[in-house]
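Novice: My questions all concern the structure below.
The values are calculated or read from the model by the stated rules, or taken from the named source; none is laboratory data. Keep in mind that what you see is a predicted model, and the values were worked out from it rather than measured. Remember, those area values only see protein heavy atoms, side chains included, never the ligands or the DNA or RNA. Shrake-Rupley method; radii C 1.70, N 1.55, O 1.52, S 1.80 Å.
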Amino acid sequence: MSRSLRLSLLRIYAIHKRHYYLLRGSWPRIAELFYWPTVQMIMWGFMNQYLMQRPGGELIGTGMLIAAFLLWDILFRSQLGVSLAFFEEIYSRNLGYLFVSPLRPHELVCSLLSIAVLRTLLGVGVAAWLATPFYGFSIFDMGWALVAFFSNLIFFGWAIGLAVVAMVMRYGMGAESLAWALVFIFAPITGVYYPVAILPAWLQPISWSLPPTYVFEGLRELITTHQFNTAHFFYAVLLNAVYLSLSIILFMIAFRIARKHGLLLQIGE
Amino acid sequence: MCLNAIEFHDVKKSYAHIVAVAGVTFSIAQGSVSALLGGNGAGKTTLLSMLLGLVTPTHGQIHVLGTDMLRHRYRVLPRISFMSPYVDLPFRLTVLQNLTFFAQLYGVSDTNKRVAKLLNELNLEPVARRHYGRLSAGQRTRVALAKALLNAPELLVLDEPTASLDPDTADFMRRYLLDYRREKNATILMASHNMVEVERMCERVIILKAGRVVDTDAPTALLKKYGRETLEQVFLDVARHTRQASVAHGE
């Protein structure tokens, strides 16, 4: 391994360690990781049970809504993980020191993305694990399909998260609320809890241009027919490659603009 | 061999229609202690930000430790460091965690030994396991200095290094910085409003006004040139453009 690669990995590791220290010393932050996914999973579990007891309820597969919620939360937590990891540096007024250190923008991006994966695994993982004792449903039974769904949702979450970070870098903390709001525009469009076919005809092409749509359609197909739709998987991967590339470009442009306008020391003010 | 640690050549910076730095040229010798003086809005922060690569100039060239800062700043960033009371360290991390984190960020070899040495030298051992956010202003400044020295920088850029410190802590900081400079032949560039500090520490002063260098010399030479007894009086002459300032500039 070259010296520059080793130092680069060491810097990414340092950022991880900084966030580990932060989590370890703050129980509200740890609780926040698990709290919402678990509460929501319990609520959707009851809803699933209730609908299954109604006439025609057998059409809703066992755990369909729980699975849909957990997958949706992977997307939500992934984008939030990216944004929050960056916001923590703004909250602690630490960005100035980070940007004059040898940490390069692409290393910061790699750190944010990998921290988001770890946060998502922890938060959604606990909720997914608890679904078994609560409702006798295990999302882990999906096996490799779950890995495929997880990866695609994580990638799209990264893309949204990086776009949010770019907006905050450009427009300051006034854009902070995007981290909580932006992702929800995709919930009705991507058919988290219902098939895309139910959307108005004009909205369906938009829906099919978004990677999560293929995941949620694929999930329904997997639960009802026990078949994994490979074509859906590859479409999602392809679209994710496009969205992620665009968000990285957006981040780099925002970074360049922030340097040009002297915003790096002022973000948050 | 590079004799200048910093070289600014015709550096300009404009934000829309506002000119923050209007064609600044100067150099700072390696191993020297220099100060940037100027009133609010004189362009000190913009100048320091450009020096550190946080802001890109509209025009001109900046060389730091012989490296073109605009093209290859990541080659030189591991060799320089920065400290400012307007930038903080993560509040929820202990002093030890903060220093360990930054040591790894700078690729410092033997992190534990380096951190322990700085904790000891800056009298920070008693607060090493305390959260940074719970420290007093003086303790925070010493931690920030420890952070700035982790990579044993050849160039140390300080923005008001002793702002809001009591005289005892401020004196300790100045002595420590001068010892560090002597020991490592490091270059120190500071922006300060503390004229006594500048007189005591700096071999050279660069006075900025409205984004331009209006004068630069050794503190004693400036006192003589302006016919004043303190640097503060010189500063006021420049800021208010008094008769002494006109005479000094040969107007």
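Novice: Helix-only estimate, please: 222 nm mean residue ellipticity of chain B, summing -39500 (n - 2.57) across DSSP H runs of length 4 or more and dividing by its residues, to the nearest 500.
Specialist: -12000 deg cm²/dmol
Novice: Name the residues whose placed amide hydrogens come within less than 5 Å of the amide hydrogen of B:Arg204, ignoring near sequence neighbours (fewer than 5 apart) on the same chain.
Specialist: Hits under the 5 Å cutoff: B:Val33, B:Ala35.
Novice: Then there is this: How big is the convex hull of the Cα atoms of segment A:122-171, per residue, in Å³?
Specialist: It comes to 79 Å³ per residue, whole-number rounded.
Novice: While we're here: Which order do B:Met50, A:Met43 take when ranked by solvent-accessible area (1.4 Å probe, heavy atoms of all protein chains), largest first?
Specialist: If we order B:Met50, A:Met43 from most to least accessible, we get A:Met43, B:Met50.
Novice: Next question, about the same structure. Would you kindly calculate the mean projected area, averaged across all directions, of the convex hull enclosing the Cα atoms of segment A:205-269, in square nanometres?
Specialist: It is 6.5 nm².
Novice: Which of the helices in chain A meet the span-like rule: DSSP H, Cα axial reach of 27 Å or more, Kyte-Doolittle mean at least 1.6?
Specialist: Taking the DSSP H segments of chain A (at least 27 Å long, mean hydropathy at least 1.6), we get A:144-171.
Novice: Let me ask something additional. For segment B:1-95, take N as its residue count and report Rg(C-alpha) divided by 2.2 N^0.38 Å.
Specialist: For segment B:1-95, the normalised Cα radius of gyration comes out at 1.16.
Novice: Considering every Cα-Cα pair within segment B:70-118, what fraction, in whole percent, is farther apart than 14 Å?
Specialist: Everything past 14 Å amounts to 61 percent.
Novice: Please work out how many pairs of lysine residues in the protein assembly as shown are eight or more positions apart (or on different chains) and have Cα atoms closer than 13 angstrom.
Specialist: 6
Novice: What number, in nm² with one decimal, is the all-direction average of the projected area of the convex hull of the alpha-carbon atoms of segment B:108-251?
Specialist: Quarter of the Cα hull surface area: 10.2 nm².
Novice: While we're on this one: Find the accessible area per residue for the protein assembly as shown; the probe is 1.4 Å, ligands and nucleic acids are left out, and the unit is Å².
Specialist: Ligands and nucleic acids excluded, the result is 44 Å² per residue.
Novice: Taking every pair of alpha-carbon atoms in segment A:1-153, give the share separated by more than 27 Å as a whole percent.
Specialist: Summing the P(r) tail past 27 Å for segment A:1-153 gives 36 percent.
Novice: In square angstrom, rounded to the nearest 10, how much accessible surface does B:Asp159 have for a 1.4 Å probe?
Specialist: Surface accessible to solvent at B:Asp159 totals approximately 20 Å².
Novice: Quick one: ranking B:Thr67, B:Thr230, A:Thr62 by accessible area, 1.4 Å probe, largest first, what do you get?
Specialist: A:Thr62, B:Thr230, B:Thr67
Novice: For chain B, what is one quarter of the convex hull surface built on the Cα atoms, given in nm²?
Specialist: If you wrap the Cα atoms of chain B in a convex hull and average its projections, you get 14.2 nm².
Novice: Which value, in Å² rounded to 10, gives the accessible area of B:Phe101 with a 1.4 Å probe and all protein chains present?
Specialist: B:Phe101 exposes around 0 Å² with every protein chain in place.
Novice: Note the per residue figure in Å³ for the convex hull of the C-alpha positions in the protein assembly as shown.
Specialist: Normalising the Cα hull of the protein assembly as shown by residue number yields 169 Å³.
Novice: Could you sort A:Glu32, B:Glu125 by their accessible area in this structure, using a 1.4 Å probe and putting the largest first?
Specialist: Greatest to least solvent exposure: B:Glu125, A:Glu32.
Novice: Given the whole protein assembly as supplied and a 1.4 Å probe, what does the accessible area of B:Ile18 come to in Å², nearest 10?
Specialist: 120 Å²
Novice: For all pairs of alpha-carbon atoms in segment A:154-235, what percent lies in each bin of width 10 Å, listed from the first bin to the last filled one?
Specialist: All Cα pairs considered, the percentages come to 17, 40, 29, 12, 2.
Novice: Cα atoms only, chain A: Rg and Dmax in Å?
Specialist: Radius of gyration, then largest Cα-Cα span, for chain A: 19.6, 66 Å.
Novice: Put simply, what bits of segment B:43-60 lose 50 Å² or more of accessible area when the other protein chains are there, versus the chain on its own (1.4 Å probe)?
Specialist: B:Leu54, B:Thr56
Novice: Working from the alpha-carbon coordinates of segment A:73-139, get Rg over Rh, Rh being the Kirkwood radius.
Specialist: That ratio is 1.17, to two decimals.
Novice: Across every pair of different alpha-carbon atoms, what Kirkwood hydrodynamic radius in Å does segment B:90-170 reach?
Specialist: Kirkwood hydrodynamic radius for segment B:90-170: 12.8 Å.
Novice: Then there is this: Tell me the Kirkwood hydrodynamic radius of segment A:112-269 in angstroms, computed as one over the mean inverse distance between distinct C-alpha pairs.
Specialist: It is 17.3 Å.
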